[in-house]
Amino acid sequence: MRGVLARGLGRAYGDAAQNGGGRVLDMTAFDAIRAFDDHHGRITVDAGASIAAIAARTLPRGWFPAVVPGTRWVTVGGAIAADVHGKNHHGDGGFADHVSAFELVTPQGERRTVTRHTDRQAWAATVGGMGLSGVIASATLELTAVRSPVVREELARTADLDELLVRMSRDDRAHHYSVAWVDCAHVSARGILMQGDHADAPGAPAAVPPPRLRAPRWAPGNLLGRATVRAFDALWFHLKPRVRRSDRVALASFFWPLDGVQGWNRLYGARGLVQHQCVVPHGREDALHAILASARAARIAPTLAVLKRLGPATENAPLSFPIAGWTLALDLPAGARGLARLLDGWDELVAAAGGRVYLAKDARMRAETLTAMYPALDRWRAARAACDPQRVMRSDLGRRLELTP
Ligand SMILES: Cc1cc2nc3c(=O)[nH]c(=O)nc-3n(C[C@H](O)[C@H](O)[C@H](O)COP(=O)(O)OP(=O)(O)OC[C@H]3O[C@@H](n4cnc5c(N)ncnc54)[C@H](O)[C@@H]3O)c2cc1C
């Protein structure tokens, strides 16, 4: 029995939204905005509505989704199922922390209204549950009040990884949003810290602009090889100001820079990319150093490396990814020689440090490693089984990681 799975906009990097040989429900047609209370900043939408559509509707009235991931092309269903985090997790928590209720349709045909207080079992199974407890049909989100569609961004170069970690620990509390780019091609792992706050600019807020650049339909597989990455990273680092500088930037370019290049993933050629995103707890910064050092030793250059500081885990969500600590996301060309061994080594390192890999980004981890990373896995399994005792909800990710044995 290959079962059924709901799918949103397919922005999960691996096999989370795939169900080979089974049924997949495309939820994107269910995208209605059912109610928008612009007095209290609350919106109720069908689960196929995208963050892009919600932002376009709410921004002109001075509201913005409280948590947004690095692309606006995700659905609310996908955002709850992965409990996505943004650049403000250190202060505001994850997506589900701003969901006041959602409707879950279970394979039994029940339509349950779930809140964090009223149906704790369905909440635990669904928030971060990667679609394996049922189909999220709709949700009510609490929004953040904004005065403009502009972000006041501060940029600062850092000489190495330790300086970056110190600055983020020290300054993050003073900013709503914070994210860093790490130059993995450089031995020091120098970086650029980008911190931002919604600007208090008066005037009519504009809508989110459409993408400006388009990647070519075809790119050679070695376009993003080591030499190109090193040259690009060095250029980017030197283009950024040496000292701290404050800029007013459009909200879309601050939150969703990759959305500005339509089809950016095609730059990786036919073999594509793999992303490894982990989180390690505070005090285990040595694991971040070890990951970057081993990439250099293996002569595999991550094409993009992003670091964020996460706050406490979402309450009662045993399979949700964020825990307090550092999350490092590394994009790697899929065909690189020795990549599989390198990534297996990172998984072990992360598990030994008390950290975990993000399931929404994973395409290759092994089931035994997962058990070490998610200590409350059995609690999630029990909650999931109560929603779907006949194990109708299935996915390739679930099978590979034996989430639903
Ligand atoms: C460029 C880029 C940047 C990203 N940045 C971030 C980031 O900063 N932070 C972060 O946390 N993530 C980030 N992501 C990952 C992305 O936010 C998640 O993978 C998200 O789940 C994708 O939503 P989707 O609608 O595309 O869902 P899909 O990819 O289609 O599905 C993801 C999971 O959600 C489940 N699902 C989808 N809809 C429903 C539904 N209605 N009911 C039940 N289950 C459902 C699917 O079964 C699957 O398990 C990024 C992805 C990209 C491509």
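Miscellaneous remarks
- Taking the conditions (1) touching a Leu at 6+ places or on another chain (Cβ under 9 Å); (2) more than 12 Å from the ligand (Cβ to nearest atom); (3) over 21 Å from Ser100 (Cβ atoms) in turn, Arg2 satisfies each one other than (1).
- Restricting Glu142, Glu153 to those that are under 24 Å from Lys308 (Cβ atoms), away from the ligand (no atom under 16 Å from the Cβ) and surrounded by fewer than 19 Cβ atoms within 10 Å (Cβ to Cβ) reduces the list to Glu142.
- Taken together, Ser100, Ser148 contain a single residue that is away from the ligand (no atom under 16 Å from the Cβ), in a strand (DSSP E or B), out of contact with any Cys (no Cβ under 8 Å at 6 or more places or on another chain) and hydroxyl-bearing (Ser, Thr, Tyr), which is Ser100.
- Among the candidates Thr327, Thr371, residue that is of a type in the set (Ser, Thr, Tyr) and touching a residue at least 24 places away in the same chain (Cβ under 8 Å): Thr327
- Residues that are under 22 Å from the mean Cα position of the chain (by Cα) and touching a residue at least 24 places away in the same chain (Cβ under 8 Å), drawn from the stretch 172-188: Asp172, Arg173, His176, Tyr177, Ser178, Val179, Ala180, Trp181, Val182, Asp183, Cys184
- Of all residues in the stretch 106-136, those being crowded, with 17+ Cβ neighbours inside 10 Å and either outside the structural domain of Met27 (by TED's automatic domain parsing) or not small (Gly, Ala, Ser) (or both) number 14.
- None of Val99, Val146 is more than 20 Å from the chain's Cα centre (by Cα) and β-branched (Val, Ile, Thr) except Val146.
- Residue within the stretch 123-139 that is under 19 Å from Leu9 (Cβ atoms), touching a residue at least 12 places away in the same chain (Cβ under 8 Å) and either of a type in the set (D, E, K, R) or away from the ligand (no atom under 15 Å from the Cβ) (or both) present: no
- Selected residue (criterion: surrounded by the most Cβ atoms within 10 Å (Cβ to Cβ)) from residues of the stretch 329-378 that are touching a Gly at 6+ places or on another chain (Cβ under 8 Å) and more than 24 Å from Gly131 (Cα to Cα): Pro333
- Of residues in the stretch 19-35 being part of a loop (DSSP other than H, G, I, E, B) and touching a strand residue (DSSP E or B) at 6+ places or on another chain (Cβ under 7 Å), the one surrounded by the most Cβ atoms within 10 Å (Cβ to Cβ): Asn19
- Out of Asp38, Asp92, sole residue that is more than 10 Å from the ligand (Cβ to nearest atom), farther than 22 Å from Pro322 by Cα and either surrounded by fewer than 23 Cβ atoms within 10 Å (Cβ to Cβ) or β-branched (Val, Ile, Thr) (or both): Asp38
- Only residues that are in contact (Cβ under 8 Å) with a residue 40 or more places away in the chain, touching a helix residue (DSSP H, G or I) at 6+ places or on another chain (Cβ under 9 Å), of a type in the set (Val, Ile, Thr) and more than 7 Å from the ligand (Cβ to nearest atom) were counted in the stretch 41-79, giving 5.
- Qualifying residue in the stretch 221-233 (condition: among the β-branched types (Val, Ile, Thr), more than 21 Å from the chain's Cα centre (by Cα), crowded, with 18+ Cβ neighbours inside 10 Å and at pLDDT below 85): yes
- Which numbered condition Ala66 misses (of (1) closer than 25 Å to Arg394 by Cβ; (2) surrounded by fewer than 21 Cβ atoms within 10 Å (Cβ to Cβ)): (1)
- Checking each residue in the stretch 14-28 for being on the phi < 0 side of the Ramachandran plot and either of a type in the set (Ser, Thr, Tyr) or away from the ligand (no atom under 11 Å from the Cβ) (or both) picks out Gly20, Gly22, Arg23, Thr28.
- Top-ranked residue in the stretch 286-305 [being in a loop (DSSP other than H, G, I, E, B) and of a type outside the set (Ser, Thr, Tyr); ranked as nearest to Gln195 (Cα to Cα)]: Pro302
The values are calculated or read from the model by the stated rules, or taken from the named source; none is laboratory data. Just so it is clear, the structure is predicted and the values come from calculations on it, not from any experiment. Reconstructed Cβ throughout: ideal geometry from the backbone, glycine too, with neighbour counts over all protein chains shown.
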